Structures are given as C-alpha cells and as structure tokens.
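These notes concern the structure reproduced below.
The values are calculated or read from the model by the stated rules, or taken from the named source; none is laboratory data. Only a predicted model underlies this, so the values are computations on that prediction, with no experimental measurement involved. Using ideal geometry, Cβ is built from the backbone for each residue, glycine included, and neighbour counts are taken over all protein chains shown. Just so you know, the surface numbers come from the protein's heavy atoms only, side chains and all, with ligands and any DNA or RNA stripped out. Shrake-Rupley method; radii C 1.70, N 1.55, O 1.52, S 1.80 Å.
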Amino acid sequence: MRDGVRGLLARRFDSEALRAAAGTPGLDRALWRELGAAGFFALRLPEADGGVGLGLPEAVLAFEEAGRVLLPGPLVASHLAAGEVAGAAAGETVVAAVDGGLVEWLAEADIVRGDAEGARPLRSVDPLTPLHRVPADTTGGAAAGPADPVAVLLTAAEQLGTAGRTCELAVQHARTREQFGQPIGAFQAVKHLCAQMLVRTEVARAAVYAAAVTAGPADIAAARLLADEAAVRGARDCLQVHGGMGFTWESEVHLHLKRAWVRAQRTGGATESEELLAADLVA
Amino acid sequence: MDLSYAPEEEEFRARLRQWLAKVLPFLPPKPSPGDWPARRAYDLGWQRMLYDAGYAGLHWPADAGGRGATPTQHLIFLEETEKAGAPYVGANFVGLLHAGPTIAAEGSAGQRTRWLPPILRGEEVWCQGFSEPDAGSDLAALRTRACRDGDDYVVSGSKIWTSHAEVADWCELLVRTDPGAPRHRGITWLAMPMDAPGITVRPLRTLAGSAEFAEVFLDEVRVPVANRVGEENDGWRVTMVTLSFERGTAFVGEVVACRRVLGELARAAQQNGQWDDPVLRRRLGRLNAEFRALWRLTQWNVSEAEAGGGVPGVGGSVFKLGYSHARQELYDTAADVLGPDSLDLGRPWMLERLSSLSYTIAAGTSQIQRNIVAERILGLPKGR
C-alpha cells in the first residue's frame, strides 16, 4: 500500500513537479483521478461499497507519503467525503471543507462542505494551498464543534511526512555542502540540529502510528501536537541548515515550512488538543 | 505498529500481578536513603524473592541461569512491578544489567559458575569501575593501569561515579594493560574483589545532597589474572557486547512512573487552584502527549528488538534524548504546580527535580547522544 502510493507520487509528483506547481498553482485533476484509481480516497470504505476496505493505520501511511511530497489539494476533506459525496471516492469530485475558520481550495473544489457563506480569499502564505477565510460568526471556534478526530489524525500523518522529509533534506545538504574544507554536517552545531530533527520525528511517529491503531481521542490529540511540532520545527531547522539557499524561492524548503503552518491551523489549532490531553489526566 | 499482546504474554502478566499482590504487603519497611548496608540488605532481599518465585534473571539467557524471557515479557515485568510499587533493582543494577550479562556472554565456564548464580540469588553486589576523572564521555581515554605480576594484575588509578561501591562485593573494572596500543585496543576487563587491600572508597555527594556515587581509589590492588573476562587488551569489545543487552527496556519502569507522576501533578494542581491557569494546564497536556509517545516508542523499540530488527543501542539514543528532556520538563512543571513551595525539598517531587538534572549527563550526555544519532543513524561525517 505504502509503496504503491510512494511509487505513484514519485512518478507523478517529484521535486521538479513540486517546484513547477509552486510557480503555476492549480489542481491537477488528472492526478486527482489517478489517486482515486489507486484507492487513496476510498481506502477506508468497505469493499462492498466499492472501497479498498483498509483501516486508519493504512490511511495514515498513505497520508504520510502525501505529506512527504507536499501533494497539493484538499486531500483530507476529499478522503473524508468518500462514500458520502458522489464521485469523491473515485477522485472525480474534488471536495473541500470549512475547517478552523478556513477553506482550502474553495474556488477549485466541486463541492464545499460546511457553511462557507461570505468566505473571502486570503493571500495564502503557501503558494500551493489557496485559502479562504470564513467570517467568524458563521463558523466561530466553539460553534463549529469539536474537530473530526480522523481529520486531526490524517493531518498529523501529513505533518509526520514533512518532518521525515525535512530531516532527510537537511541531512542530504549537510553531507554534500562543504565549508571550511569539510561537509558542514561534520560540525557538531549542524549535526545536533539534524539529530534533534530525527528525535522529534521518531517520537511523533510513535504517537501517530499508535493513534492509528487505538483511534483513542487522547492518542490522536497527542499525535497531532507532536507531529505539528516535528513538522514546523523540522522545516525551520531544515531551512537553517540550508543557509542562504534555504531562504530562496528556488529551494523547496520554504514550501515545507509554509504547508506545515497551514496544516497546524487545521482542526482548531493546538489549544483544543492540549486541553483534551490535560482533561485526560484528571479523567 | 503492533500494540497487542499474545495470549501467553497476557497470562504471564496475570500471574505476575497475582504474585505481586500476594508478596508486596509483606515486604520489610524501606530503609533510609543514607543507610547503605540496610539498602543493600533490602535490595538483595527483594532479588531473593524474585529468585524464589522464578523471576530472577528474567531476560538472561537460560544457559546462564536466566529465564530466557522475550523482550516483551521483560517489558511487561518492568511495567507491572512499577505499577504495583515493587522495589527497584537498586544495588542489583550492575550485576543484573551489565556485569552479569557480560560474564554470561564472554566468561569461561568456571567464571559463569562462580559469579552468575550469586547475582541471581541476591547474594552478591557488583559495582562498575568504568569512568575516571579524565575519562567521562571519552571513556576510551581511561588511564587506570594494570601491570602483570605473576598470576596477578597490579592495578593503580582512580574511578568515579561508582554507585554502591561502599557495599559492593565485586567491581567490573576497565583497566589499561597496554599503554602503547591504540586506545581501544589496550583495555582489559577485570572482576575486582572489593575487599582487596589498596582500595579506598570515598562517597561523592551530589547536588541533591545525598551520596549516591563514590570515587574509588586503587593503590597497587592485586587482582588475579583468573578474574579477567575475555582476552587481555580485548576489554573494550567485551564491554560493548552487552551495551545493547537491555534491548530497549532500559527506561520502561521510569516512563510508567513519569506517567503516574503526571496524573498526580494534575490532581495537585486542581487542589491548589493552579489548574485554572490555562498555560499550566496546557503544559501538562503537552507532557501527557510526550509521555504517551515515549511509552509507545518504548513498546515499539522492544518489539523491534524482539523481531531482531532494530539496534536498541542506537535507537536507544533517540529515545534517551527525548526522554531525558521530557523528564526534566516534567519536574520543572511540578515546581510550577507547587509555586513557592517548590523551594521546599520536603515537598513531593522536588528531590526528583534535582536528580532529574543528571539525566541529560549520565550514560552518555545529550551532546554525545546527538553525535551518535547524527553519525550512526543519519550517516553524517565524523568531525575533526
């Protein structure tokens, strides 16, 4: 399953495609249908309903892969819509959703779930995620109700992908870039940044994979917090390791950081998860 | 990630719980922390109880007198004994977790017969003579000299950070036997009887106020050549063979304990009103996330070790970096819960807060661990 998704993404959305997409953003409908054909959206639907019949653990692996390559599009919303919105499972219908006061890909989607009344476009920080802001009085934090735990977990899986990928990119750069006559990765200051990236990634991985097995609310909240941190800080450190190149548009590093920021805002931000985990201690 | 346990593992857990419930109420009272002979007697007494019940050397190979338990059974053992409030391994630590396994792996038949059964039966205490004042993180720089004289080595030098030295019967000692060889190739592993003439033990007071360690000074101490495990000058390899012996289980009991403390902190905060502070509450929530993840990572490392896949010695570095930081954060948060009372060492958690400061130093500093992770896992080049 994981290899299948990884293979498809390597073929259809490699680093070059990612950089090209950043210049000319837009949803690749053909790729969306290929994802549908590969079962990305129908993964958790029962086979009787035309789905793949797998569970959350497999979905988490697929979303981790999508997160690694920064696959653009409303992936979580469309995955959750499979079986509920006609054509979503097959990748024929692109489904967006109101989430955390924002809507990703509103203009490009065929269907928007939730109340997007009065939504206005933002100048999105992430060139690969067009965003609309929904007026607070129609979605309002608490009024929107608690976040769908599956959406929280799949987003965490994407963040895990980014955490792993940014660690790899930093290590690759640190091994090849030379200054003062040696690879910069031989300097402990750089080495230790990379080591901490791996530590955060592996701790987050344990949390995300465990939450996929138990599907418990506290486990999912933990996965979210640790994966957000691993992704955002990983992308920041990756940028730092890349030095001046990391500050350029040409390098893909900024795209990882910006997407990590976007995902961290999904499903109500970190506060709700922290409060849930605090309440769990005295339950 | 497989989080389920096999039926025989659940049965093992159930039997262990039953036994703990039966014996723990009849334990003698805990000795005072400063009374080393009493601590020795208490720890050995517990080991004897484990031996009689068939739990001694659970994770040791069967041919060394152990039970040959799987890493998962060992994890269950550590989890359940911690949850039940059973005594810690204490004075048996070095014997059960390092010296014993080293002898089991590298010792002669005679050495195994002489030294292993008393460890399992709770009759002899071992301490560790590795670190020296000038050989800490850089252990291979050790300088304690051993010169051959007939059937003995004559050993002079000093060791530091030696736990239980005051009450130990034996010391697993690393000495330099060939100063001319490359550093790692001139080291030898010896079992030194702690009652030999020429040994001076000086307790070392830690910042927590107690003497948990000692310095050990060696002045022409005679150690029989027969007490050498492995070949002369092969001691570095002999020592490293068992470093991954714990197979990911090193901190199982502690992580369980930290999760319990976290719950206690939350309830204490509810009682003293600090719970109304959202910053503190959310900090506790975040710690809950970290310790849940560290527990999963432990289970995972252990099952990887069981499958023969992972190398806990290296994966253990990732875990230790995360855990040592989280433990310090836990006890700093305890201080925030207590407010001004955090300055009172008579309060719960405040001595543990002090001892938690050693976690980023002992058994490889965080800086050394990051080098290990960067070089051995990530493949970054060694620096100059």
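Considering only residues that are surrounded by fewer than 16 Cβ atoms within 10 Å (Cβ to Cβ) and within 14 Å of another protein chain (Cβ to nearest Cβ), look in the range B:2-16 and name the one that is modelled with the lowest pLDDT.
My answer is B:Asp2.
Condition first: farther than 18 Å from B:Arg237 by Cβ and surrounded by fewer than 15 Cβ atoms within 10 Å (Cβ to Cβ). Can you find one or more residues in the range B:94-112 that meet it?
yes
For the range A:41-60, enumerate the residues that are over 12 Å from the mean Cα position of the chain (by Cα) and hydrophobic (A, V, I, L, M, F, W, C). Step through it out loud before you land on a result.
Residues of the range A:41-60 over 12 Å from the mean Cα position of the chain (by Cα): A:41-59.
The answer is A:Phe41, A:Ala42, A:Leu43, A:Leu45, A:Ala48, A:Val52, A:Leu54, A:Leu56, A:Ala59.
Among the numbered criteria (1) surrounded by fewer than 21 Cβ atoms within 10 Å (Cβ to Cβ); (2) in a strand (DSSP E or B), which one does A:Arg123 miss?
Only one criterion is unmet by A:Arg123, namely (2).
Residue by residue, here is whether (1) modelled with pLDDT under 95; (2) among the hydrophobic types (A, V, I, L, M, F, W, C) holds:
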residue	(1), (2)
B:Leu218	no, yes
B:Arg228	no, no
B:Ala250	yes, yes
B:Gln270	no, no
B:Gln274	no, no
B:Val279	no, yes
B:Ala293	no, yes
B:Glu306	yes, no
B:Val311	yes, yes
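When the range B:357-381 is examined, which residues are found to be within 8 Å of chain A (Cβ to nearest Cβ) and charged (D, E, K, R)?
If the condition is that a residue be within 8 Å of chain A (Cβ to nearest Cβ) and charged (D, E, K, R), then B:Arg370, B:Glu375 are the ones that fit.
So if I check each of B:Ala335, B:Ala305, B:Ala289, which one is buried (at least 19 other Cβ atoms within 10 Å of the Cβ), in contact with a Ser or Thr (Cβ under 9 Å, 6 or more places away or on another chain) and away from chain A (no Cβ under 12 Å)?
On the way: B:Ala335 fails: buried (at least 19 other Cβ atoms within 10 Å of the Cβ); B:Ala289 fails: away from chain A (no Cβ under 12 Å).
Just a single option satisfies the conditions, and that option is B:Ala305.
Hey, could you check the range A:175-203 for residues that are at the interface with chain B (Cβ under 7 Å from one of its Cβ atoms) and aliphatic (A, V, I, L, M) and say which is farthest from B:Phe291 (Cα to Cα)?
Selected residue: A:Ala186.
When you check B:Thr239 against the structure, is it open to solvent by less than 30 Å² (accessible area, probe 1.4 Å) and farther than 30 Å from B:Tyr331 by Cα, yes or no?
Details: open to solvent by less than 30 Å² (accessible area, probe 1.4 Å): yes; farther than 30 Å from B:Tyr331 by Cα: yes.
Answer is yes for this residue.
If I filter the range B:350-384 down to residues being of a type in the set (A, V, I, L, M, F, W, C), open to solvent by 20 Å² or more (accessible area, probe 1.4 Å) and over 28 Å from B:Ile160 (Cβ atoms), which single residue comes out as modelled with the lowest pLDDT?
Of the range B:350-384, the ones of a type in the set (A, V, I, L, M, F, W, C) are B:350-351, B:354, B:357, B:361-363, B:368, B:372-374, B:377-378, B:380.
Restricting the remaining residues to those that are open to solvent by 20 Å² or more (accessible area, probe 1.4 Å) gives B:351, B:354, B:357, B:361-363, B:368, B:372, B:377-378.
Add one more test, that the residue is over 28 Å from B:Ile160 (Cβ atoms), and what stays is B:377-378.
Values: B:Ile377: 93, B:Leu378: 96.
My answer is B:Ile377.
If I go through the range B:1-56 residue by residue, how many of them are in contact with a Lys or Arg (Cβ under 6 Å, 6 or more places away or on another chain) and under 30 Å from B:Trp300 (Cα atoms)?
Going residue by residue through the range B:1-56, those that are in contact with a Lys or Arg (Cβ under 6 Å, 6 or more places away or on another chain) are B:31, B:51.
Filter once more, so that each one left must be under 30 Å from B:Trp300 (Cα atoms): B:51.
Count: 1.
Mind listing whichever residues of the range A:30-71 are open to solvent by 20 Å² or more (accessible area, probe 1.4 Å), in a loop (DSSP other than H, G, I, E, B) and not charged (D, E, K, R)? Spell out how you get there, then give the answer.
Taking the range A:30-71 and keeping what is open to solvent by 20 Å² or more (accessible area, probe 1.4 Å), we get A:30, A:33-34, A:37-38, A:44-50, A:52-58, A:61, A:68-69.
Checking which are in a loop (DSSP other than H, G, I, E, B) leaves us with A:38, A:44-46, A:50, A:52-55, A:69.
Correct list: A:Ala38, A:Leu45, A:Pro46, A:Gly50, A:Val52, A:Gly53, A:Leu54, A:Gly55, A:Val69.
For the range B:49-93, which residues satisfy the criterion of being among the β-branched types (Val, Ile, Thr) and outside any helix (DSSP H, G or I)? Show your work before the answer.
Kept after step one, since they are among the β-branched types (Val, Ile, Thr), are these residues of the range B:49-93: B:70, B:72, B:76, B:81, B:89.
Result: B:Thr70, B:Val89.
Out of the helices (runs of 4 or more DSSP H) lying entirely within the range A:153-266, which hold 1 or more residues that are without any contact (Cβ under 8 Å) to a residue 24 or more places away in the chain, open to solvent by less than 10 Å² (accessible area, probe 1.4 Å) and outside the structural domain of A:Pro72 (by TED's automatic domain parsing)?
Details: elements: A:188-214, A:217-246, A:253-265.
Where helices (runs of 4 or more DSSP H) fall fully within the range A:153-266 and carry at least 1 residues being without any contact (Cβ under 8 Å) to a residue 24 or more places away in the chain, open to solvent by less than 10 Å² (accessible area, probe 1.4 Å) and outside the structural domain of A:Pro72 (by TED's automatic domain parsing), they are A:188-214, A:217-246.
Output the residues belonging to the range B:259-281 that are within 7 Å of another protein chain (Cβ to nearest Cβ) and open to solvent by 70 Å² or more (accessible area, probe 1.4 Å). Explain how you work it out, then say what you get.
Going through the range B:259-281, the residues within 7 Å of another protein chain (Cβ to nearest Cβ) turn out to be B:262-263, B:266-267, B:270, B:281.
Once the filter is applied, which keeps residues that are within 7 Å of another protein chain (Cβ to nearest Cβ) and open to solvent by 70 Å² or more (accessible area, probe 1.4 Å), the range B:259-281 yields B:Arg267, B:Gln270.
Only one of these conditions is not met by B:Leu284: (1) more than 18 Å from B:Ala326 (Cβ to Cβ); (2) within 9 Å of chain A (Cβ to nearest Cβ); (3) open to solvent by less than 60 Å² (accessible area, probe 1.4 Å). Which number is it?
Status for B:Leu284: all satisfied but (1).
Here's the yes/no breakdown for (1) within 22 Å of A:Glu65 (Cβ to Cβ); (2) of a type in the set (A, V, I, L, M, F, W, C):
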position: A:Leu169; (1), (2): yes, yes
position: A:Ala195; (1), (2): no, yes
position: A:Leu198; (1), (2): yes, yes
position: A:Val203; (1), (2): yes, yes
position: A:Ala210; (1), (2): yes, yes
position: A:Ala215; (1), (2): yes, yes
position: A:Asp228; (1), (2): yes, no
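Considering only residues that are among the acidic types (Asp, Glu) and assigned to a loop (DSSP other than H, G, I, E, B), look in the range A:91-110 and name the one that is most open to solvent (accessible area, probe 1.4 Å). So that I can check it myself, show each step before the final result.
Applying the first criterion (among the acidic types (Asp, Glu)) to the range A:91-110 yields A:92, A:99, A:104, A:108, A:110.
From what is left, the residues that are assigned to a loop (DSSP other than H, G, I, E, B) are A:92, A:108, A:110.
On the way: A:Glu92: 106, A:Glu108: 61, A:Asp110: 79 Å².
The qualifying residue most open to solvent (accessible area, probe 1.4 Å) is A:Glu92.
Is there any pair linking a residue in the range A:14-40 that is within 25 Å of A:Glu58 (Cβ to Cβ) and touching a residue at least 12 places away in the same chain (Cβ under 8 Å) to one that is hydroxyl-bearing (Ser, Thr, Tyr) and open to solvent by less than 50 Å² (accessible area, probe 1.4 Å), with Cβ under 9 Å and at least six apart or on different chains, and which?
Close Cβ pairs satisfying both conditions: A:Trp32/A:Ser78; A:Leu35/A:Ser78; A:Gly36/A:Ser78; A:Phe40/A:Ser78.
Just one of the numbered conditions (1) farther than 26 Å from A:Pro146 by Cβ; (2) within 13 Å of chain B (Cβ to nearest Cβ); (3) touching a residue at least 24 places away in the same chain (Cβ under 8 Å) is not true of A:Gly269; which one?
Unmet for A:Gly269, out of (1) farther than 26 Å from A:Pro146 by Cβ; (2) within 13 Å of chain B (Cβ to nearest Cβ); (3) touching a residue at least 24 places away in the same chain (Cβ under 8 Å): (1).
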